[in-house]
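Engineer: I have a structure here, written as structure tokens, and I will follow up with some questions on it.
The values are calculated or read from the model by the stated rules, or taken from the named source; none is laboratory data. What you see is a predicted model, and the numbers here were worked out from it, not measured in a lab. Cβ atoms come from the backbone with ideal geometry, glycine included; neighbour counts cover every protein chain shown. When the accessible area is computed, the model is the full protein with side chains, heavy atoms only, and any ligands, DNA or RNA have been set aside. Shrake-Rupley method; radii C 1.70, N 1.55, O 1.52, S 1.80 Å.
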Amino acid sequence: MNHILTVTDAADILRLHVRTLERWRQTGEGPRYVKMGRRVGYRRNDLEDWLEANVTTSTSEVRP
């Protein structure tokens, strides 16, 4: 089973503010997350997959 990270741990790994992840959950922009009742967590694999999907080589490259 994949270890579930806290929102704070995920923000630290991504070097983002916790509020950014909160906003991204509302807009659907960020990495996939796990809802456990009222708690939210992130799987490390989902963070890595999201990072890989957002790799670009140019500022003019169009992202899907």
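Engineer: Any idea of the accessible area per residue across region 1-59, 1.4 Å probe, to the nearest Å²?
Structural biologist: Values: 4560 Å² over 59 residues.
Computed with neighbouring chains in place, this is 77 Å² per residue.
Engineer: Determine how large the accessible area of T56 is when every protein chain is in place; take a 1.4 Å probe and give Å² rounded to the nearest 10.
Structural biologist: 60
Engineer: How much accessible area does E52 have with a 1.4 Å probe, in Å² rounded to the nearest 10?
Structural biologist: Counting only protein heavy atoms, the figure is 130 Å².
Engineer: Something else about it: Any idea what Rg and Dmax come out to for the chain if you just take the C-alpha atoms, in Å?
Structural biologist: Rg, Dmax (Cα atoms, Å): 12.5, 40.
Engineer: A further question follows. Which value at 222 nm does the chain reach when only helices count, each DSSP H run of 4 or more adding -39,500 (n - 2.57), with the total divided by all residues and rounded to the nearest 500 deg cm²/dmol? Could the numbers behind the result be given before it?
Structural biologist: Details: 3 runs with 28 residues, N = 64.
Rounded to the nearest 500, the figure is -12500 deg cm²/dmol.
Engineer: Roll a 1.4 angstrom probe over the protein heavy atoms and tell me the percent of accessible area of region 1-56 that is carbon or sulfur. Please list the in-between numbers first.
Structural biologist: Working: 1960 of 4230 Å².
Roughly 46 percent, rounded to a whole number.
Engineer: Mind checking the angle between helix 44-53 and the chain's longest principal axis? C-alpha axes, 0 to 90 degrees, to the nearest 10.
Structural biologist: The two axes meet at around 10 degrees.
Engineer: To continue, here is another question. Need the full-extension length gain, W24 to T8, defined as separation in residues times 0.36 nm minus the C-alpha distance. One decimal, nm.
Structural biologist: Numbers: separation 16, 0.36 × 16 = 5.76 nm, distance 1.43 nm.
Full-extension gain reported as 4.3 nm.
Engineer: Still on this model: Between H17 and S58, what's the calculated FRET efficiency when r is the beta-carbon distance and R0 is 25 Å? Round to 0.05. Don't skip to the answer; put the middle values down first.
Structural biologist: Details: r = 26 Å, r/R0 = 1.06.
Once the sixth-power term is evaluated, E becomes 0.40.
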